[in-house]
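Notes to accompany the following structure.
FYI, it's all coordinate maths here, none of it is from the lab. Please read all numbers here as calculations on a predicted model, not as lab measurements. Cβ placement follows ideal geometry from the backbone for every residue including glycine, while neighbour counts extend to all protein chains displayed.
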Amino acid sequence: MLRVDTGRLMSQREAGRVRVVQSVLDKRISQGEAAIQLGLSLRQVKRLCRAVREQGPSGLISRRRGAPSNRRMRSLNASAAWA
């Protein structure tokens, strides 16, 4: 995990995405080439480029990190399920 200027942690995968998206923004590679490198669609690369332009590298950090799972079980239900 890498720390970004906002103090939030960035995974290695997100850091790699920042490098590729920054290459697109610097016009070293095309959005199509970035899509192939990242294994994403062209539309998703455009979305990532917009996020970096508007928010900087922290725009690529998952906003779900640290949030509880949507599939979590309440403590009463979990204990009943295991009993």
Sites R28 and R50 - FRET efficiency at Förster radius 30 Å, r taken between beta-carbons, to 0.05: 0.95
Among 33-43, 11-21, what's the highest-first ranking by average C-beta atoms within 10 angstrom per residue? 11-21, 33-43
Mind listing the long-range amide H neighbours of M10? Cut-off is under 5 Å, sequence gap 5 or more, other chains count too, H placed in the peptide plane at 1.01 Å from N. L2, R3, V4
Charged-residue dipole, Cβ positions (Lys, Arg, Asp, Glu), segment 1-56 about Cα centre, Debye nearest 20: 120
Return the sequence-ordered ³J(HN,Hα) values of segment 15-32 in whole Hz as given by the Karplus equation 6.51 cos²θ - 1.76 cosθ + 1.60 applied to θ = phi - 60°, using x for Gly and Pro. 5, x, 5, 4, 4, 5, 5, 5, 5, 5, 5, 7, 6, 7, 9, 8, 4, x
